1. Please work out which residue is modelled with the lowest pLDDT, limiting yourself to region 182-214 and to residues that are open to solvent by 50 Å² or more (accessible area, probe 1.4 Å) and in contact with a Phe, Trp or Tyr (Cβ under 6 Å, 6 or more places away or on another chain).
2. Suppose we filter E75, E64 for residues that are within 20 Å of the chain's Cα centre (by Cα) and closer than 30 Å to D102 by Cβ; which single one remains?
3. Just checking: which of the strands (runs of 3 or more DSSP E) contained wholly in region 95-198 hold 3 or more residues that are touching a strand residue (DSSP E or B) at 6+ places or on another chain (Cβ under 9 Å) and within 30 Å of D79 (Cβ to Cβ)?
4. Quick check on my filter: what residues within region 25-79 are touching a strand residue (DSSP E or B) at 6+ places or on another chain (Cβ under 7 Å) and either within 30 Å of K275 (Cα to Cα) or assigned to a loop (DSSP other than H, G, I, E, B) (or both)?
5. Here is a check on your reading of the model: is G91 in contact with a His (Cβ under 7 Å, 6 or more places away or on another chain) and open to solvent by less than 50 Å² (accessible area, probe 1.4 Å)?
6. Take region 36-66 and flag every residue that is open to solvent by 40 Å² or more (accessible area, probe 1.4 Å) and of a type in the set (D, E, K, R).
7. List every residue pair whose Cβ atoms lie under 6 Å apart, where the two residues are 6 or more positions apart in sequence or sit on different chains, the first residue falls within region 140-152 and is among the hydrophobic types (A, V, I, L, M, F, W, C), and the second residue, located anywhere, is part of a loop (DSSP other than H, G, I, E, B) and modelled with pLDDT under 95.
8. Looking at T224, T216, T228, which one is among the hydroxyl-bearing types (S, T, Y) and within 28 Å of R67 (Cα to Cα)?
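The values are calculated or read from the model by the stated rules, or taken from the named source; none is laboratory data. Keep in mind the model is a prediction, meaning the values are calculated, not measured. Here the Cβ positions follow ideal geometry from the backbone for every residue, glycine too, while neighbour counts run over all protein chains shown. These area figures cover heavy atoms from the full protein model, side chains too; ligands, DNA and RNA do not enter into them. Shrake-Rupley method; radii C 1.70, N 1.55, O 1.52, S 1.80 Å.
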Amino acid sequence: MWGGGYFYGKKIFTPSEIANDKNAFILVCAFNTEAVSKIFSELNSLNIKHCHIDAAVFSLHKNELRRVFDILDDERSRDIYLTLLKYRARGEFLVEGCTSWDHSFVNPAFQNYNSQDVFVDCGAFVGDTIERFIWQHGGTLKRIIGFEPDEKNFRALEKRVRRLREEWNFSDEAINVYPYAVGEKSSMSYFRRHSEVGVGSSIVSEADEKTIEVKTVAIDDFMTEKFTFLKADVESYEYKMLLGASKSIAKWHPRLAICIYHNATDFYSIPLLVKELCPEYKLMIRHHLVNITETLLYAW
């Protein structure tokens with residue numbers, strides 16, 4: 001571990017300086033298993049008290065986590081939920097024993113072969129989920145609407161949509177995609193891609209040389225027709241997206257597939273919000289990769 005100097009005007013303390021402060025407590029915020037292990041090892045060698053940031057969040061919100069556990073619909077969800085909480089609290093992000101290789105479309109509750117099905121994909125990326133939806137539903141649908149604010153992803157998304165329209169003989173109106181972010185309110189926002197490689201990006205509060213302005217829409221403002229399925233993987237903006245879709249969810253009760261892995265707070269805030277918006281929903285949690293990504297809450 002290194003120290004000394006300043007970072008954005010804040011002093012960086014060396015490990016020895018921290019070790020001399022008997023009241024010091026370190027919150028480790030890394031999300032790489034190897035990095036966390038090395039940091040924990042050095043902190044232990046210096047007798048510096050510490051924990052991972054997720055453990056601190058979970059400790060402060062035990063009551064909310066218990067409430068979520070109690071409202072989950074099936075035993076498999078409760079097992080997955082507890083397993084993920086344990087792994088994340090320990091700073092271990094290669095998860096064993098709870099990975100499911102199926103996806104939302106495999107669950108019978110999400111296999112609705114209905115010619116009036118309207119699928120809304122928030123965080124459509126390059127159209128992979130849209131294509132999966134079409135295949136799993138045999139091309140039986142009324143309309144698909146996708147939102148993807150990242151410029152590079154959106155170009156790939158448009159290319160895939162053109163192919164899908166041709167292959168499945170869809171009209172232009174059957175699949176519509178927009179270079180928009182989704183949030184609580186309709187506005188303009190600053191958007192940043194975090195690297196040239198990979199999928200990481202986010203809405204940020206301030207502009208800099210790496211940000212662009214994007215249009216942000218609230219689902220309640222944008223969707224004037226009933227939709228039957230809402231999927232969201234929007235890089236920690238899921239909670240705000242749900243707030244912006246709250247009236248539609250309460251009115252139309254669409255099936256939901258919402259990512260809850262981006263923040264520790266999502267593990268309780270999103271399930272509780274969904275249940276508040278529509279108390280009739282059944283809730284299920286599944287985890288789809290061997291690392292901590294791709295934990296989804298399903299509601300129907």
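1. So, considering only residues that are open to solvent by 50 Å² or more (accessible area, probe 1.4 Å) and in contact with a Phe, Trp or Tyr (Cβ under 6 Å, 6 or more places away or on another chain), the one modelled with the lowest pLDDT is A207.
2. So the residue among E75, E64 that is within 20 Å of the chain's Cα centre (by Cα) and closer than 30 Å to D102 by Cβ is E64.
3. Details: elements: 118-122, 143-147, 175-178, 187-193.
Of the strands (runs of 3 or more DSSP E) lying wholly inside region 95-198, those with at least 3 residues that are touching a strand residue (DSSP E or B) at 6+ places or on another chain (Cβ under 9 Å) and within 30 Å of D79 (Cβ to Cβ) span 118-122.
4. I48, H52, I53, A56, I71, L72, D73, D74, S77, R78 - these are the residues of region 25-79 that are touching a strand residue (DSSP E or B) at 6+ places or on another chain (Cβ under 7 Å) and either within 30 Å of K275 (Cα to Cα) or assigned to a loop (DSSP other than H, G, I, E, B) (or both).
5. yes
6. Residues satisfying the conditions are K38, E42, K49, K62, E64, R66.
7. That search, which allows pairs on different chains as well, returns L141/D117.
8. After applying the criteria, what remains is T228.
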